[in-house]
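The values are calculated or read from the model by the stated rules, or taken from the named source; none is laboratory data. Worth saying up front: this structure is predicted, and the values here are computed from it rather than measured. Methodologically, a virtual Cβ is constructed for each residue, glycine included, from the backbone with ideal geometry; neighbour enumeration extends over all protein chains shown.
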Amino acid sequence: MIEWPEPFVLRALVAGLVLAVVAAPLGCIVLWRRMAYVGETLAQSSLLGVAFGMALNVDLTLSVIIAAVLAALILIWFGQQKLLALDSVLGLMHHAALAMGVIAITLLKGPAIDLMGFLFGDVFAVTRNDMIWVVVGGALVLAATLALWRSLVRVSLHEDLATAEGIDPRLSRGAFDILLAVTIAVSMKIVGILLVMAFLIVPAVAARPLASTPERMAIIAAIVAMIGVVGGLFFSLTVDVPGGPSIVLTMCALAVISLMAAGSRSR
Amino acid sequence: MRQPAQSLTPSSSAFRRYVILPAETVTATLEQSVSHADRPVGSPGQSHAHDHGAACGCGQAHSTAVDRTALMSARGLWFTRHRRDLIAGIDLDVHAREIVTLIGPNGAGKTTLVKLMLGIEKPDRGELYRPTSTLIGYVPQRFDIERAIPMTVARFLALGHGASDDEIAAALAEVGAARTVDQQLSQLSGGETQRVLIARALLRRPNLLVLDEPARGVDYVGEADLYDLIGSLRDNRGLGVLLVSHDLHVVMAKSDRVICINGHVCCSGKPEAVAKHAEYARLFGPRAAGALAVYTHHHDHQHDLSGAPSPVTQTSGLDVDGRSST
């Protein structure tokens, strides 16, 4: 058991809580628009960003954000064509990005490199520099999400209705994809490439049965995510297991309880 | 006041692009683009069964310029996807206080036509006149609403237009759905959902209401009630109404014009009032018979499997497009 509060524990806690709040509304929209696969693809493209950052010797968070945003732009561009469903493009990009990322990092740093930190996150290794990214980036993403919220909800609810009422769905979709890419890139530090979408979606799943409006769903998702971060970090420190998976597992437990309660109520 | 019109003309290159023309040049360009010489499938036996009065809504050669007295007017709309002409040279006008009903078989392009008229899709060719003074209230097909989003009726109505609680209550009362205000959208019945969607459209203070299959999944009594409501909105508010019907033969009795489309305009005309018809009243009850009408129409052409029109053959006893066995 580690003495409380060590600075690295405090940093992990603050970064986790900030990202929990930022990611919750985005996670709700991902759920509504059935975009989990898009998110996974953006996340796995981030590994290439890690490789580029190492090769060019720049800040890894910055290179990961750039890689994720580039992947989002490619997806937006692919989304314009109607020949192939986006799913098939994602199926290709998703695995290609992961494979290329692993190969590129191994070539650069040799087989001894530990990929675990990138794949599952290393929340207790969050540095002061990372904190700046989390707080500033998080505040920007949250502000943009709030500004776009109404049009995002309307496009998610019924795209044609929103279009007929004067919203450009491509604009709000594109903006959302980029916000999602930035959030995934920053959250990767905490829960890793393979678990980052769970960090976004699971709190939204837990919130769905408890919410009556889209706004309440986002707020409840944020609360669930914060409980998940605190509970997960506590579990991780107590049992001495990795932090990212502990956070996600705590969130999943909350979601299962919420869904089971909803199931028994509707019977 | 003269409104600028957007004219969509084919360009000489392989690409289709939009050319915005000043209003004066529109007519001349149109005569080129809508001339029947470029109709891809010839149909020698195709005659044209109704007289060509003004605003007959038919897509044939007499079309000239858009009708600037209309709330919405289209001339020679074409929309082609995957080498299929989903919309092939359709003209359509909707005026104030007028109810226009679109019917046609599945895949006839009804929803596509509505999307073109609303600007959700852009036509490949043709001219669309929609002045800025036309405010459209759109009622989409109800089953398209994403159910994963928690949404009360009150929040749904406030979303977008920033309507106050009083305005929301008034709109719901006008459509007869006042008690749904705190319910979830996903818990409403088919008829209630339609009324809520109409209330939302009314909050925009439209002068044109566009409804895509409002009576789908609603029983006959509910359908008659909905048509009563739409008719009273026209009467009380002076709205123009463009309505897509899911039923080929039963339409709203108050329709001023019924237009049957199958890619192109097959036929159009007034619905026959059948309220007096004893057999019909017996079948659906006097309430329903007041609001619904049977649209009897006989087609002078039929469609082969590719959808191209061809003359009616002697062996075919069917008068419904697309079901003939050529």
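Here is a list: A:Ala253, A:Ala218, A:Ala262, A:Ala204. Which entry is among the small types (Gly, Ala, Ser), farther than 23 Å from A:Ala68 by Cβ, part of a helix (DSSP H, G or I) and within 14 Å of chain B (Cβ to nearest Cβ)? Break it down stepwise before answering.
Values: A:Ala253 fails: within 14 Å of chain B (Cβ to nearest Cβ); A:Ala218 fails: farther than 23 Å from A:Ala68 by Cβ; A:Ala204 fails: farther than 23 Å from A:Ala68 by Cβ.
The match here is A:Ala262.
Would you point out the residue of region B:186-203, among those that are of a type in the set (Ser, Thr, Tyr) and within 13 Å of chain A (Cβ to nearest Cβ), that is surrounded by the most Cβ atoms within 10 Å (Cβ to Cβ)? Only one residue fits best here, namely B:Thr193.
Please verify whether region B:81-90 includes one or more residues that are facing chain A (nearest Cβ under 10 Å) and out of contact with any strand residue (DSSP E or B) (no Cβ under 9 Å at 6 or more places or on another chain).
Here is the first cut: in region B:81-90, the ones facing chain A (nearest Cβ under 10 Å) are B:81-82.
Then keep just the ones that are out of contact with any strand residue (DSSP E or B) (no Cβ under 9 Å at 6 or more places or on another chain); that gives B:81-82.
Yes, that holds for at least one residue.
Restricting region A:200-223 to residues that are surrounded by fewer than 24 Cβ atoms within 10 Å (Cβ to Cβ) and β-branched (Val, Ile, Thr), the residue that is nearest to A:Ala43 (Cα to Cα) is A:Ile201. Taking the criterion of being touching a residue at least 40 places away in the same chain (Cβ under 8 Å) and farther than 26 Å from B:Thr134 by Cβ, the residues of region B:187-230 that qualify are B:Gly190, B:Gly217, B:Tyr220, B:Val221, B:Glu223, B:Ala224, B:Asp225. If only residues of region A:132-176 that are small (Gly, Ala, Ser) and buried (at least 19 other Cβ atoms within 10 Å of the Cβ) are counted, the one that is nearest to the chain's Cα centre (by Cα) is A:Gly138.
In region A:14-38, the residues that are closer than 16 Å to A:Gly243 by Cβ form Cβ pairs under 9 Å with partners that are part of a loop (DSSP other than H, G, I, E, B), at six or more places apart or across chains, as follows: A:Val14/A:Val126; A:Ala15/A:Val126; A:Gly16/A:Val126.
Is there any pair with a first residue in region B:145-167 that is more than 9 Å from chain A (Cβ to nearest Cβ) and a second that is assigned to a loop (DSSP other than H, G, I, E, B) and of a type in the set (S, T, N, Q) whose Cβ atoms are under 6 Å apart and which are 6 or more apart or on different chains, and what are they? Hits for this filter: B:Val153/B:Gln183.
Just for region B:204-233: of the residues that are farther than 13 Å from B:Gly137 by Cβ and assigned to a loop (DSSP other than H, G, I, E, B), which one is farthest from the other protein chains (Cβ to nearest Cβ)? Taking the candidates together, the pick is B:Asp219.
Against the numbered list (1) within 25 Å of A:Val135 (Cα to Cα); (2) more than 14 Å from chain B (Cβ to nearest Cβ), A:Gly79 comes up short only at (1). In region A:190-197, the count of residues that are in contact (Cβ under 8 Å) with a residue 12 or more places away in the chain and more than 19 Å from the chain's Cα centre (by Cα) is zero. Comparison of B:Leu202, B:Leu211 shows that the only residue that is farther than 18 Å from B:Glu146 by Cβ, out of contact with any Gly (no Cβ under 8 Å at 6 or more places or on another chain) and not acidic (Asp, Glu) is B:Leu211. Would you call B:Thr132 at pLDDT below 90, of a type outside the set (A, V, I, L, M) and surrounded by fewer than 21 Cβ atoms within 10 Å (Cβ to Cβ)? Judged against the criteria, B:Thr132 is a match. Here B:Val114 passes the criteria (1) in a loop (DSSP other than H, G, I, E, B); (2) within 11 Å of chain A (Cβ to nearest Cβ); (3) in contact with a Phe, Trp or Tyr (Cβ under 9 Å, 6 or more places away or on another chain) except the one numbered (1).
Selection of region A:29-69 for residues being within 14 Å of chain B (Cβ to nearest Cβ) and either aliphatic (A, V, I, L, M) or in a helix (DSSP H, G or I) (or both) yields A:Ile29, A:Val30, A:Leu31, A:Trp32, A:Met35, A:Ala36. With respect to B:Arg147, is the statement that it is among the basic types (Lys, Arg) and outside any helix (DSSP H, G or I) true? It is true that B:Arg147 is among the basic types (Lys, Arg) and outside any helix (DSSP H, G or I). Taking the listed residues A:Met197, A:Met93, A:Met188, A:Met100, the one that is surrounded by fewer than 19 Cβ atoms within 10 Å (Cβ to Cβ) and in a helix (DSSP H, G or I) is A:Met100, with no other qualifying. The condition (being closer than 19 Å to A:Ala198 by Cβ and touching a Pro at 6+ places or on another chain (Cβ under 8 Å)) is satisfied by just one residue among A:Ala23, A:Ala36, A:Ala43: A:Ala23. Across region A:128-182, the qualifying residues are those that are among the aliphatic types (A, V, I, L, M) and facing another protein chain (nearest Cβ under 9 Å), and the one among them that is farthest from A:Trp32 (Cα to Cα) is A:Ala164.
Restricting attention to region B:168-185, the residues being surrounded by fewer than 22 Cβ atoms within 10 Å (Cβ to Cβ) and within 11 Å of chain A (Cβ to nearest Cβ) number 3. Applying the set (1) surrounded by fewer than 23 Cβ atoms within 10 Å (Cβ to Cβ); (2) over 21 Å from B:Lys270 (Cβ atoms); (3) within 20 Å of the chain's Cα centre (by Cα); (4) of a type outside the set (Asp, Glu) to B:His82 leaves exactly one unmet item: (3).
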